[in-house]
1. Please go through the stretch 334-368 and give me each residue that is under 41 Å from the mean Cα position of the chain (by Cα) and exposed (fewer than 15 other Cβ atoms within 10 Å of the Cβ), ordered by number.
2. I'm told Lys36 meets every condition in (1) at pLDDT 85 or above; (2) part of a helix (DSSP H, G or I); (3) among the basic types (Lys, Arg) except one. Can you identify the failing condition by its number?
3. Can you list the helices (runs of 4 or more DSSP H) found entirely within the stretch 331-415 that contain at least 3 residues being over 30 Å from Asn297 (Cα atoms)?
4. Criterion first (surrounded by fewer than 18 Cβ atoms within 10 Å (Cβ to Cβ) and not in a helix (DSSP H, G or I)) does Asn315 satisfy it?
5. Confirm whether Asp122 is open to solvent by less than 70 Å² (accessible area, probe 1.4 Å) and of a type in the set (D, E, K, R).
6. Working carefully through the options Leu232, Leu170, find the one that is more than 22 Å from Asn139 (Cα to Cα), without any contact (Cβ under 8 Å) to a residue 40 or more places away in the chain and part of a helix (DSSP H, G or I).
7. Going by what's in this entry, would Tyr273 be described as within 23 Å of Asn209 (Cα to Cα) and either in a helix (DSSP H, G or I) or touching a His at 6+ places or on another chain (Cβ under 8 Å) (or both)?
8. If you scan the stretch 244-255, which residues turn out to be closer than 22 Å to Gln212 by Cα, assigned to a helix (DSSP H, G or I), open to solvent by 20 Å² or more (accessible area, probe 1.4 Å) and not aliphatic (A, V, I, L, M)?
Amino acid sequence: MEKTFISHFFINFATMKRIVTAIILILSFIPVLAQKKEINAAIDNLKANKNLEKVETSMMTLLKDSSNISNEKIWNLLFESLKKQYQAGNEKLYLKQKYDTASLFNIASRMFAVMTRYDSIDAEPDKKGRVRPKMRKPNSSTLNSLRPNLFNGGIFFIGKSDYSKAYTLLDQYVSAAEMPIFKSYNYTAKDKNLPKAAYWAAYCGYKLNDAQKVLHNTYLALKDKEHYESMLQYLAATYMLENDTARSIATMEEGFAKYPKSEYFFSHLMDYYSQKANWDKATTLTDKAIKADSANNMAWIAKSTILINSGDYENSFRISQSVLQKDSTIEDAWLNAGLAKYNQGVCIEHDTNDFKQKRKQVLHYYKEALPYLEKYRSLCPDNADKWAMPLYSIYLNLNMGKQFEEIDELIKKRK
């Protein structure tokens, strides 16, 4: 009886094992059937030239499975769906039918991304270490023909202020020069648009506040002589954003040396030298700017500011007056003229020797400073940090009670 039970148990276990194995085989076959169904549907859609975007999405989904990554049929169906979409868009544009131009550029970008990705897989060494890509030649030919649309699309999206999409297309255009699939085209030597594309890609990075994108193709972008000055500006701003002050200042100094009439390089360097109280460098910078353009009022105002900080109030006032005679709307010229006179009075007031005899001279300078500082206040009412204390001192010394009370109240409120 015992033997019969044991024999019956083993028969059942063996049967169960076969059933489980069969279930596993069926379950493993289900994805294969589903994949085959997807592929057959894609083939039918492509033959009928319909649902092309659906085919693209379907094949991209299949490629997410690592076991499909080398499946040529899936890749070819994906290529075909993209090509047909691109051809349809091109045809509509050619026939001047209604079509979203942005779509054509986006399709070109997707084709480029897909085909270059496949090339890296297609070019993997075989078991013997041989590299024999099957699709490189036809795919490189296809991509080479549509590559100009990556550049055109980048410029198009810049015009739409879509800097993220613009960067993607322009970066694809530039990166092609280093890809093995395009080696035979020798873009680096033959494509004259490469530096320009690199510059516009950097421009997009600058607009996106993305330092990595600005700096990605710096060397190539600086070869675009048409935009060299602008590129130096973007680099200087990006280095400062990255807290690399030394490189930022060095870039601006290079920019000023090449473009001494540039307001950007001059103003930023002037601010930096002033913050560091490096008046020698500030003076050299200003003198060079004036030499390059004697009508540069910004440089003359900077010169008068340096002279105030150096204690040469007479020459500072003389320069400010000269600027105002040419253009009375320049606010800082009014400020500097007033401060030059005011500081002359302050210097005498702080000199305790024979102060009583010099009192008239102090008041004389304050009276001269007054109209300039009041004019500056009227032009720049929000810049109280520059005009409030000098006017407070002048009103006090000139016994201008009403004006003094008003500004005293203003200063108290500011505190």
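The values are calculated or read from the model by the stated rules, or taken from the named source; none is laboratory data. In this text the structure is predicted, and so the values were computed from the model without any measurement. No Cβ is skipped: glycine too gets one built from the backbone with ideal geometry, and neighbour counts run over all protein chains shown. Accessible surface areas use protein heavy atoms only, side chains included; no ligands, DNA or RNA. Shrake-Rupley method; radii C 1.70, N 1.55, O 1.52, S 1.80 Å.
1. none
2. (1)
3. 355-379, 384-397, 401-414
4. Answer is no for this residue.
5. Considered against the rule, which asks whether it is open to solvent by less than 70 Å² (accessible area, probe 1.4 Å) and of a type in the set (D, E, K, R), Asp122 comes out as yes.
6. Leu232
7. Against the criterion (within 23 Å of Asn209 (Cα to Cα) and either in a helix (DSSP H, G or I) or touching a His at 6+ places or on another chain (Cβ under 8 Å) (or both)), Tyr273 does not qualify.
8. First pass over the stretch 244-255, keeping only residues closer than 22 Å to Gln212 by Cα: 244-252, 254-255.
Narrowing the set further to residues that are assigned to a helix (DSSP H, G or I) leaves 245-252, 254-255.
This time we only want the ones that are open to solvent by 20 Å² or more (accessible area, probe 1.4 Å), so: 245-247, 250, 254.
Hits for the stretch 244-255 are Thr245, Arg247, Glu254.
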